Number of protein chains: 2
Amino acid sequence: MEKNELIELFEKVFPFWNKMSETDKETFCRTAHHVVFKKGTNVHNGNECTGVILIKSGSLRLYMLSEDGKEVTLYRLFPGEMCMLSASCVLDSITFDVYVDSEENSECIVVGGCAYEDLSRRLVDAKLFALETALSRFSDVMWVMQQILFMSMDKRLAIFLLDEIAQKGGDTVALTHEQIAKYIGSAREVVSRMLKYFASEGLVEASRGGIKILDKKRLREMSL
Amino acid sequence: MEKNELIELFEKVFPFWNKMSETDKETFCRTAHHVVFKKGTNVHNGNECTGVILIKSGSLRLYMLSEDGKEVTLYRLFPGEMCMLSASCVLDSITFDVYVDSEENSECIVVGGCAYEDLSRRLVDAKLFALETALSRFSDVMWVMQQILFMSMDKRLAIFLLDEIAQKGGDTVALTHEQIAKYIGSAREVVSRMLKYFASEGLVEASRGGIKILDKKRLREMSL
């Protein structure tokens, strides 16, 4: 990636860019990695300090992982967004482990955690930005928790299917029951049973490519 | 409460106290309320800006609430700690609602949210402190989420009972099944069934005052 292009990106995503010294700007550019993560790659693993990840294309999925390998998706990140929880050395107060996978082939810029941490000790705006970015995800996680703990499964599944086609376009959700279960924090059996019920109600139908949505209107009513 | 006493407390809990102007210090003292919340009182309700709550004695419980009244306890606050999530006007990025109840008669100092917010716009250290305090609770909440989503109920109940007697002393947990269910994010029926099982295993026994712990050692093994 061209240095000019990199600077343009940094200017856009870091509100404190213009307050940085020339030396610091140089360091950021020099330590930044341009990486393309293949679909399905693990991008960040627990308590490592992978760095601040800026997403240029594709999408990343953040999740929790239990000891026996069960996953719960917390949220996804899309182009223009950034992952701050993967820069654990910047954020002392984050003591939990999150995992990040690439959901599609994803082009990312990774700013080294050390470079950011070093900057944030000298430039309070960088520190504020890191804290605020991390804290804003607290709200996302609480939302997921509300969904999982309080909402009934039919509602959750309806919301998930509608979100999927809203994001990806088309009318078919190209995921397995296993994958859907991971996304909504449930078990495959539960998802399969609910999809069978949805099909019997004429809301969806199993198709070669995945799950075809037949009645968006009624799914939307279920999701309210 | 004496003003001197108040200043002494603020010096201890706010690391930025000595950087505040005399006027700001005056405002903090003037807008601070000394309140004793009776056991069971609701202290903070959803998206209000109640202010920053410092706990002098007693304990507060933070929880989420579903539309149909189901509660999940996120964490508790004890003397010397402070509640920042109740000062929602200080934290723009917190968009979820939490509820706070007093678990015992609790003596608190409440610093007005407006006074804090006003200060944090002028004194970056106050802003940083608010963000860091809020963010450190993110880790607590993630821990609860891990417990609820990934851990089996017997383990959760064992941990809860051991925590209770470690905190309160004695060998009896003076809570109803309903209350325990609220604390561990479960249903009363599930807790009752599990306690019956624990009793049949000789781990606990129902007593007049609540649940008496008979075999700490084995409970501890279960909690690992």
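If only residues of the stretch B:57-97 that are small (Gly, Ala, Ser) and crowded, with 21+ Cβ neighbours inside 10 Å are counted, the one that is farthest from the other protein chains (Cβ to nearest Cβ) is B:Ser86.
You will find that of A:Phe16, A:Phe10, A:Phe37, the residue that is farther than 21 Å from A:Pro79 by Cβ and touching a residue at least 12 places away in the same chain (Cβ under 8 Å) is A:Phe16 and no other. Only a single item in (1) modelled with pLDDT under 90; (2) in contact with a Gly (Cβ under 7 Å, 6 or more places away or on another chain) is not met by B:Ser106, and it is number (1).
Does A:Asp101 satisfy being within 17 Å of the chain's Cα centre (by Cα), of a type in the set (D, E, K, R) and surrounded by 20 or more Cβ atoms within 10 Å (Cβ to Cβ)? Yes; evaluated as a whole, the condition is true for this residue.
Here's the yes/no breakdown for (1) in contact with a Pro (Cβ under 6 Å, 6 or more places away or on another chain); (2) charged (D, E, K, R); (3) under 30 Å from B:Gly46 (Cα atoms):
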| residue | (1), (2), (3) |
| --- | --- |
| A:Trp143 | no, no, yes |
| A:Arg156 | no, yes, yes |
| A:Gly170 | no, no, no |
| A:Glu178 | no, yes, no |
| A:Tyr197 | no, no, no |
| A:Lys216 | no, yes, no |
| A:Arg220 | no, yes, yes |
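Only one of the listed residues (A:Asn4, A:Asn18, A:Asn45) is part of a helix (DSSP H, G or I) and touching an Asp or Glu at 6+ places or on another chain (Cβ under 9 Å). That residue is A:Asn18. Answer with yes or no whether A:Glu178 is assigned to a helix (DSSP H, G or I) and surrounded by fewer than 18 Cβ atoms within 10 Å (Cβ to Cβ). Judged against the criteria, A:Glu178 is a match. Would you check which residues across the stretch A:98-122 are touching an Asp or Glu at 6+ places or on another chain (Cβ under 9 Å) and within 14 Å of chain B (Cβ to nearest Cβ) and list them? Matches in the stretch A:98-122: A:Tyr99, A:Arg122.
The values are calculated or read from the model by the stated rules, or taken from the named source; none is laboratory data. Computed from a predicted model, the values in this text were never measured in an experiment. Backbone-built Cβ (ideal geometry, glycine too); neighbour counts: all protein chains shown.
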